[in-house]
Amino acid sequence: MVSIIKIANFNVNKYDTKSATVKSFGYKQELIRDMGGFSNFAVSFSIISILTGAVSYYGYGFSQGGPAMMGVGWPLVTLLVLFVAAAMAELTSSIPTSGAIYHWASILGGSTWGWFTGWLNIIGQVTIVAGIDYGCATFASNLIFQNPSKLQFLLTYFVILISHAFLNHMGIDLVSKLNSISAIYHLVGVLLIVIVLTLIGPAHPISYVFTTFSTQTSNSTPYWWAFMIGLLQAQWTLTGYDASAHTSEETITPRVRAPWGVFMSVAISGIFGYLLLVLVTISIKDPTAVANAGNNAFIVAIRQAVGSRFSNFILWLVTVAMWFCGCSSITSSSRMVYAFSRDGGLPFSHFLKRVSPKFHTPAVAIWLVAIIAFLSGISDGVYAVIGTMSVIGLYGSYIIPIFLKLKAKVHGVWTSKNDGPWNLGKWSNLVSFIACLWVIILIIIMILSPTDVQLTSHLLIHYATGKIMLGAIILLTIYFNLYAKHAFKGPKLGSYEKLNKQLTIDRSTKVNVVTNHQQEK
């Protein structure tokens, strides 16, 4: 992947335009284009948030795969996700819009592909907001109330979501500044924790995270499968980097800065996250207590390492990072809801696409995401389900346009003239193929993961993720065939209409011509 980082040696000023991109689709520029390159990177980096995902799901990963989950699992997932991020960065450079993934799929495969891609992405976007703020509320409520009741937890969760919705409503300029602060805060926060743990002194040698393969799951579960399930920790962390693509319409020089935001947010998060996880893991004194602590595993690990007094400072530092992360996540998810509604892809789209005349933000979409996220976190035992569903939804939406572009390139319909300034050249097809292969494997793992949700005192759903996603797909298919198939026309294509016809019409025409010619023979 080193060669990918060396790719974009071009003049940024050549592509420096504030409105040409969105106008090429035929949309009116309603969102303010005011984000610089660092701010665009920061929104994805803040959503990835190694002080959120790696920390919130630390117990899940540690109980499944043990110390090796941090030493081996994290870099493995990081490497594979970099392939996905690179393939997505190419598409971001070629087609930079607020709809991002949904627009890519519509152009490359037609309105049907676009519609299902949009819905998958929204499922992933909303559940990742829920997962981030759920984790933030878990830490905050434990620090405020020590042993919080469910009501105290839900109140904390509610307040956090309201604060994020309010700030996003107030304007992209404010959120952009918060994202920039968040990126710096995450880097400084990780380094501070690493320095503290290094000075106090690890309890284990560095080899501990490479040679200790253990699991706290059922004895009937083979270690290799427990390890694969535990990859959710790293995989859930390294999601949401499509935010840089979703904020393209608000980014200056989007064809250059937005793809770098997609790719570099993953690369830097992977490096700093690895450093953090290795230091925390080798500082654990009682591994069994950490593995049995569930959602509070990281809290237990830090308190073992540095003592109860100083640990509260570190845990508050982490909680604030989670708060920043949730704020950025609502920015991204609301833009996707706005873009999809702008094209009539959601029920009540005429209402959901409304933009605040004062703040120029998709106000209705922002508050809708916050409300649904809160409702998603009410049931007991729902945290693992939220995580796996967000991974399936987001990565399911990622793979569709990557696959469609790969298919178009193989058939010679997508050529180098369709590439943006950020492209992988001769490595593009290989990178896209590896990205698709990993996402398929990943989705299978997430669907088969043993997640349980306690809906009522008498109703427990086993393997809830697979069942909920299957139910959602069935409902979407019914809704599409009864209504959307006839009413949904897809996004405006503007200057991309010719490419869309080549990919969705000309190809089928060529096939028919060849078939008829063979029959005549």
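Side notes on the structure shown:
- Restricting the calculation to Cα atoms, the range 315-431 shows an Rg/Rh of 1.07 when the hydrodynamic-style radius is the Kirkwood one.
- Cα-based Kirkwood hydrodynamic radius, the range 187-274, one decimal, Å: 16.4 Å
- Kirkwood-based Rg to Rh ratio, the range 308-375, C-alpha trace: 1.20
- Per-residue ³J(HN,Hα) for the range 473-485, Karplus 6.51 cos²θ - 1.76 cosθ + 1.60, θ = phi - 60°, Hz, x for Gly and Pro: 5, 5, 4, 5, 5, 5, 4, 5, 5, 7, 9, 4, 4
- Accessible area (Å², 1.4 Å probe, nearest 10) - Lys498: 150 Å²
- Kirkwood Rh, angstrom, the range 375-440 [1 / mean 1/r, Cα pairs]: 14.0 Å
- Once the C-beta distance of Thr211 and Leu187 is scaled by a Förster radius of 30 Å, the resulting FRET efficiency is 0.50 to the nearest 0.05.
- Mean separation of Cα contacts under 8 Å (6+ apart) over length of the chain, as relative contact order %: 31 percent
- At q = 0.23, 0.29 Å⁻¹, base-10 log of I(q)/I(0) for the range 294-345 (Debye sum, equal scatterers on each alpha carbon): -0.83, -1.01
- Solvent exposure of the range 143-293 as accessible area per residue, Å², 1.4 Å probe: 39 Å²
- Computed on the Cα trace of the chain, the radius of gyration divided by the Kirkwood hydrodynamic radius gives Rg/Rh = 0.97.
- Extension gain, Phe433 back to Asp173 (0.36 nm per residue minus Cα-Cα distance, nm): 89.8 nm
- Amide hydrogen proximity for Ile95: with H placed 1.01 Å from N in the peptide plane, no residue at 5 or more positions away or on another chain lies under 5 Å.
- Between the range 148-202 and the range 255-306, the Cα center-to-center distance that results, in Å: 15 Å
- Only Cα sites of the range 41-90 enter the Debye sum here, all with the same form factor; the resulting log10 I(q)/I(0) across q = 0.28 1/Å is -1.09, listed in q order.
- Cα-Cα over 30 Å, subset of Lys150/Lys467; Lys353/Lys485; Lys150/Lys177; Lys417/Lys489; Lys285/Lys467: Lys150/Lys177; Lys285/Lys467
- Applying D = kT/(6 pi eta Rh) to the range 51-204, where Rh is the Kirkwood radius over alpha-carbon pairs, T corresponds to 20 °C and eta to 1.002 mPa s, the Stokes-Einstein value obtained is 113 µm²/s.
- Ranked order, Phe433, Phe310, Phe298 - accessible area, probe 1.4 Å, largest first: Phe433, Phe310, Phe298
- Looking at the range 51-110, the accessible area is 9 square angstrom per residue; that uses a 1.4 Å probe and ignores ligands, DNA and RNA.
- Euclidean distance between Cα centres, the range 330-359 to the range 88-121, Å: 16 Å
- Accessible area per residue (1.4 Å probe, heavy atoms of protein chains only) ranks Leu174, Leu276, Leu448 as Leu448, Leu174, Leu276, with the largest value leading.
- Note on Trp427: accessible area approximately 120 square angstrom, rounded to 10, probe 1.4 Å, nucleic acids and ligands left out.
- Measuring nothing but protein heavy atoms, the accessible surface of the chain at 1.4 Å probe radius is 66 percent carbon and sulfur.
- When both the range 443-499 and the range 412-436 are represented by their alpha-carbon centers, they are found 28 Å apart.
The values are calculated or read from the model by the stated rules, or taken from the named source; none is laboratory data. Since we're looking at a predicted model, the values are computed, not measured. Reconstructed Cβ throughout: ideal geometry from the backbone, glycine too, with neighbour counts over all protein chains shown. Side chains are part of the model used for accessible areas, which takes the heavy atoms of the whole protein and leaves out ligands, DNA and RNA. Shrake-Rupley method; radii C 1.70, N 1.55, O 1.52, S 1.80 Å.
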